[in-house]
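Below is one structure, written out as structure tokens, with a few remarks after it.
Computed from the coordinates by the stated procedures, all read-outs in this text should not be read as laboratory data. Source: prediction; values computed, not measured. Backbone-built Cβ (ideal geometry, glycine too); neighbour counts: all protein chains shown.
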Amino acid sequence: MKILYTSLFLFANLFFVVAQTTITIDPTANQHKISPWIYGRNNNLSDDPSNPTTSSQWQLYRDAGLRMYRENGGNNSTKYNWKAKLTSHPDWYNNVYAHDWDYTATSLLNNSANTQGLFAFQLLGKAASNKQHNFNDWVYTQANGSINTSANWAGGGGPVAYGGNGGNGNPNLYLENWTADSTAKILDHWFNTLGYDKSRFTYWNMDNEPEIWSGTHDDIATSAITAELYMQKYFAVAKAVRAKFPNIKLVGPVSTNEWQWYNWNNSKVTDPHDGNEYPWMQYFIKRIAEEEAASGIRLLDVLDVHFYPGTENDPSTTLQLHRVWFDDQYVYPKANGVKVTGQYGWDNNITKEYFFKRCDQWLTQYKGANHNVTFSLSEYGAIANGGSEDANVIACWYASHLGVFTENKVELFTPWDWYKGQWEVLHLFSKYFGEVSVKSTSTNNNTISGYSSLTADGDSLIIVVVNRDQSNTQPVVLNLQNFVASAGTVSGYRLSDLPSTETFVSKTTNALQNLTFTVSSNSVSFMAPALSVTMIQIPTNQPVSIDANITTAVKPAVIQGNVTLYPNPAKNILQINVDNGLPYEVLVQNMLGQTVATTKFTGDGQIDLSGYAAGQYILQISNGETITVKKFIKE
């Protein structure tokens with residue numbers, strides 16, 4: 001029996017070794033700046049001055065760390081008239097309603113800092129002109145329900161019983177011509193007339209989902225325009241914008257979904273210049289490169305698409321969607337548009353998307369290795385049934401995307417649909433993750449991934465571990481290379497076992513679990529619960545040197561400006577000096593992650609250390625929107 005027990009013990013330990021995931025982190029490798037604009041979202045703010053975004057909603061956004069606000073309204077942006085503050089709603093009879101982007105932009109400037117607003121330039125050629133020819137939607141929908149809402153009944157159309165002509169309306173009654181110059185002049189209006197801060201409105205969508213204009217805007221695009229005609233519209237607006245404000249970042253083509261990434265009007269594009277067929281996105285990149293070479297004007301800064309995979313009842317696929325973008329080994333079960341091989345061809349053996357990696361290859365092919373075009377996902381949805389989603393699946397899906405996007409220099413990410421669990425993950429990453437991405441390698445990356453970063457001054461390593469296993473806790477070992485931890489016990493956070501209700505209320509009322517971890521022999525071992533997101537913060541007294549090419553681009557995430565602590569080490573009094581007089585909150589933690597004190601200051605402040613035990617402490621300085629982390633030693 002003793003032999004049997006020994007065998008079982010050895011077998012159990014062998015199983016543990018086989019099942020264990022090792023994540024190796026080298027903070028000296030693959031360093032690059034993390035874009036703060038991946039911490040974004042659609043449809044956050046009111047554009048109606050009579051119904052402002054509430055102060056509590058603003059506080060939620062600040063507490064969660066929302067940084068990028070995409071406020072152009074998707075399909076409603078295509079016919080926006082910034083002069084009249086009107087737009088035509090293609091999904092609601094084409095009726096024209098008031099929308100005040102000026103108000104939204106002013107609200108953003110007045111209520112947040114270190115944030116961006118993402119709006120759109122119009123390319124179609126028509127914009128809303130008046131509200132006098134709307135279809136009587138109220139009377140009709142009260143009697144019939146919200147049916148036929150995409151019908152073209154504005155401009156005198158619709159059922160005779162409701163005042164219409166029995167057919168489609170006349171778009172000339174509610175639209176006006178809208179040239180490239182008309183579109184570009186919103187920049188004069190905002191930056192010259194209204195004096196808006198240009199640095200807060202750097203990114204601009206080049207309209208919205210042009211591949212399906214013949215469906216969404218079929219009152220004007222009564223048949224599908226050619227891809228080349230779209231390119232000419234794009235070039236005209238891009239050049240008009242560049243002539244006014246060269247530093248604007250052009251974000252396009254804002255493609256609709258996976259099918260439209262590859263197909264224009266349901267097929268590959270035949271280039272009228274060379275007669276060859278190309279996938280739509282390859283054609284777009286090729287024509288951008290050709291026009292840039294001919295004109296000497298940069299026409300694309302961020303390549304942007306939308307994604308609606310439709311995995312509402314398929315959590316296993318949802319949990320792997322982060323692999324669609326850069327993983328050239330991932331067989332995506334919902335691959336579709338990528339399989340089209342010509343005007344009528346289809347190859348069912350094409351199952352791998354790696355879409356952004358594919359686009360990077362095309363960009364390199366046509367624009368060269370130093371093309372400096374980054375990537376954006378400005379709409380993302382249809383991954384869960386509204387209100388019934390598993391918040392733990394959502395948390396792992398969203399954390400995986402943020403992690404992959406930090407690793408691969410994605411510049412913008414603004415999901416359209418928003419589910420329970422996302423506020424929690426946004427708060428975790430935007431508040432506590434670092435500014436510089438570094439290399440992580442997992443032995444079981446399909447199930448358990450590690451995403452790592454450094455603080456701006458290289459004095460802390462932050463690692464996020466996502467366990468996508470839906471049933472099992474997994475043993476994980478973090479192997480630290482070229483890094484010396486300054487403490488044996490370090491702090492961290494975890495999201496797991498999220499309930500079916502929304503848990504994020506504020507920066508202090510949320511589902512984050514405060515944890516401690518042990519660093520031993522330059523490694524950390526722990527158990528990652530099923531469907532969990534774990535963050536571990538490891539300080540060092542030997543800061544990692546950050547690549548000089550990116551240090552100038554990385555700024556400490558603090559609105560107060562430069563923060564100085566002295567003396568450090570300190571005996572009795574720690575002086576905090578800031579370079580302006582704005583209010584901020586200070587939280588002091590020991591190396592076990594325990595909160596020792598919290599206090600608030602306006603301008604410079606002092607902390608009495610007389611009651612503190614000797615040792616090292618973490619100081620978190622927060623202005624309600626961002627956090628700067630500093631270390632000090634009590635002698």
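Structure summary
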{"quantity": "Restraint check, LYS233/LYS286; LYS409/LYS439; LYS33/LYS431; LYS131/LYS244, Cα-Cα greater than 19 Å", "calculated": "LYS131/LYS244"}
{"quantity": "Assigned charges on the beta-carbon of Lys, Arg, Asp, Glu; the chain dipole about Cα centre (debye)", "calculated": "960"}
{"quantity": "Top positive-direction residue, dipole computed over the chain with Cβ charges, set SER214, ASN44, GLY73", "calculated": "ASN44"}
{"quantity": "Zone of THR222's modelled label, taken as backbone nitrogen in the range 151-185 under 12 Å from a point 7 Å along Cα→Cβ", "calculated": "168-172"}
{"quantity": "Those trypsin sites (Lys or Arg not before Pro) in the range 219-311 that DSSP places in a loop and that have at most 16 other beta carbons within 10 Å", "calculated": "ARG298"}
{"quantity": "Gain upon complete extension [SER150, SER214; 0.36 nm per residue less C-alpha separation]", "calculated": "21.8 nm"}
{"quantity": "Highest-first arrangement of 115-123, 135-143, 59-67, where packing means the average Cβ count within 10 Å", "calculated": "115-123, 59-67, 135-143"}
{"quantity": "Dipole magnitude of the range 179-335 about its Cα centre (Cβ charges: Lys, Arg +1; Asp, Glu -1), debye to nearest 20", "calculated": "600"}
{"quantity": "Projected label distance in nm at GLN470 and ASN130, using a 7 Å step from Cα toward the beta-carbon", "calculated": "5.7"}
{"quantity": "Per-pair calculated FRET efficiency, R0 = 56 Å: ASN370 and ALA530 via Cβ, rounded to 0.05", "calculated": "0.80"}
{"quantity": "Net charge contributed by nearby residues that have their C-beta within less than 9 Å of HIS99 (K/R +1, D/E -1)", "calculated": "-2"}
{"quantity": "Mean-position separation - Cα centroids, the range 365-414 and the range 428-475, in angstrom", "calculated": "16"}
{"quantity": "Of LEU454, VAL254, ILE394, farthest towards positive along the dipole that unit charges on Lys, Arg, Asp, Glu beta carbons give the chain", "calculated": "LEU454"}
{"quantity": "ASN114-ASP48 pseudo-label distance in nm [points 7 Å out on the Cα-to-Cβ vector]", "calculated": "3.3"}
{"quantity": "Net length gained if the chain between ASN482 and LEU565 were fully extended (0.36 nm per residue, minus Cα distance)", "calculated": "27.1 nm"}
{"quantity": "Calculated FRET value between GLN232 and LYS334, using beta carbons and R₀ = 30 Å, to 0.05", "calculated": "0.35"}
{"quantity": "Extreme residue, positive dipole direction of the chain, given options LEU609, THR351, ASN134 (C-beta unit charges)", "calculated": "LEU609"}
{"quantity": "ALA29 versus SER55: modelled label distance in nm, points set 7 Å from Cα along the beta carbon direction", "calculated": "5.2"}
{"quantity": "Residues in the range 81-108 that a label on THR193 would reach, taking backbone N under 18 Å of a point 7 Å out along Cα→Cβ", "calculated": "81-87, 98-107"}
{"quantity": "Full-extension gain in nm, ALA294 to ASN348, via 0.36 nm per residue minus C-alpha separation", "calculated": "15.6 nm"}
{"quantity": "Charge dipole (debye, nearest 20) of the range 39-161; +1 at Cβ of Lys and Arg, -1 at Cβ of Asp and Glu", "calculated": "260"}
{"quantity": "Mean projection area, nm², convex hull over Cα of the chain", "calculated": "33.7"}
{"quantity": "Proximal lysines to LYS571, defined as alpha-carbon separation beneath 23 angstrom and excluding residues fewer than eight positions away on the same chain", "calculated": "LYS600, LYS630, LYS631, LYS634"}
{"quantity": "Value of [θ]222 nm, deg cm²/dmol, for the chain, DSSP H segments ≥ 4, -39500 (n - 2.57) each, nearest 500", "calculated": "-7000 deg cm²/dmol"}
{"quantity": "Ordering of 529-540, 347-358 by burial proxy (mean other Cβ atoms within 10 Å per residue, highest first)", "calculated": "529-540, 347-358"}
{"quantity": "FRET efficiency estimate (nearest 0.05) - Cβ-Cβ, THR518 to TYR97, R0 60 angstrom", "calculated": "0.55"}
